[in-house]
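Only the coordinates and a few stated rules stand behind these numbers; no lab work does. It should be emphasised that the depicted structure is a prediction, and the values quoted were computed from it without experimental measurement. For neighbour counting, all protein chains shown are included, and Cβ atoms are generated from backbone atoms with ideal geometry for every residue, glycine included.
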Amino acid sequence: MNNLDFMDQLPAMTKEMPFALTVCDTEGIILYMNDRSVSTFQKYGGAEIIGTSLFLYHPEQASLILRRLLDTASKHAYTIEKNGIKKMIYQSPWYKDGKFAGLIELSLEIPMEMQHFIRQ
């Protein structure tokens, strides 16, 4: 498989990954949600929210952070715990042809206690 074949397969590969993957454009319009993301946002309509503003589904404080990330093309990472499940949330800019194109958010379930290694 060459690089172009791989890139063509990327959406299919991410569809069933064991983490939520959500992609928005520079205005916060949701462009893509994998299966886990659709499940996470089911109470808002699941896949039906693709094409709508992610600001509709986040509380005010989170919306302020998302707006800053979109305005500055910057990263944000943190952990949360909800219903006994701990997650790492990683939000990062994505680029198309070298130009800022929006944000990608990964939401991964992680163990409550994790090993941490410092490497030299």
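Conditions (1) surrounded by fewer than 16 Cβ atoms within 10 Å (Cβ to Cβ); (2) without any contact (Cβ under 8 Å) to a residue 24 or more places away in the chain; (3) not in a strand (DSSP E or B), marked per residue:
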residue	(1), (2), (3)
I30	no, no, no
G51	yes, yes, yes
F55	no, no, yes
A62	yes, yes, yes
R68	yes, yes, yes
M88	yes, yes, no
W94	yes, no, no
I104	no, no, no
message = Please go through the range 70-86 and give me each residue that is outside any strand (DSSP E or B) and either free of Cβ contacts under 8 Å to residues at least 24 places away in the same chain or touching an Asp or Glu at 6+ places or on another chain (Cβ under 8 Å) (or both), ordered by number.
response = L70, D71, T72, S74, K75, N83, G84
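Report the residue count in the range 12-55 for those that are charged (D, E, K, R), closer than 20 Å to T72 by Cβ and within 11 Å of the chain's Cα centre (by Cα).
So in the range 12-55, the residues charged (D, E, K, R) come out as 15-16, 25, 27, 35-36, 43, 48.
After this cut, where a residue has to be closer than 20 Å to T72 by Cβ as well, the list is 25, 27.
Adding the requirement that they be within 11 Å of the chain's Cα centre (by Cα) leaves none.
Counting residues in the range 12-55 that are charged (D, E, K, R), closer than 20 Å to T72 by Cβ and within 11 Å of the chain's Cα centre (by Cα) gives 0.
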ask   = Which of the residues spanning the range 76-86 are surrounded by 12 or more Cβ atoms within 10 Å (Cβ to Cβ) and within 29 Å of K99 (Cβ to Cβ)?
value = H76
ask   = Which one is nearest to K96 (Cα to Cα), of the residues in the range 32-49 that are of a type in the set (S, T, N, Q) and assigned to a helix (DSSP H, G or I)?
value = S37
inquiry  = Restricting to the range 20-62, count the residues that are closer than 15 Å to Y90 by Cα and small (G, A, S).
reply    = 3
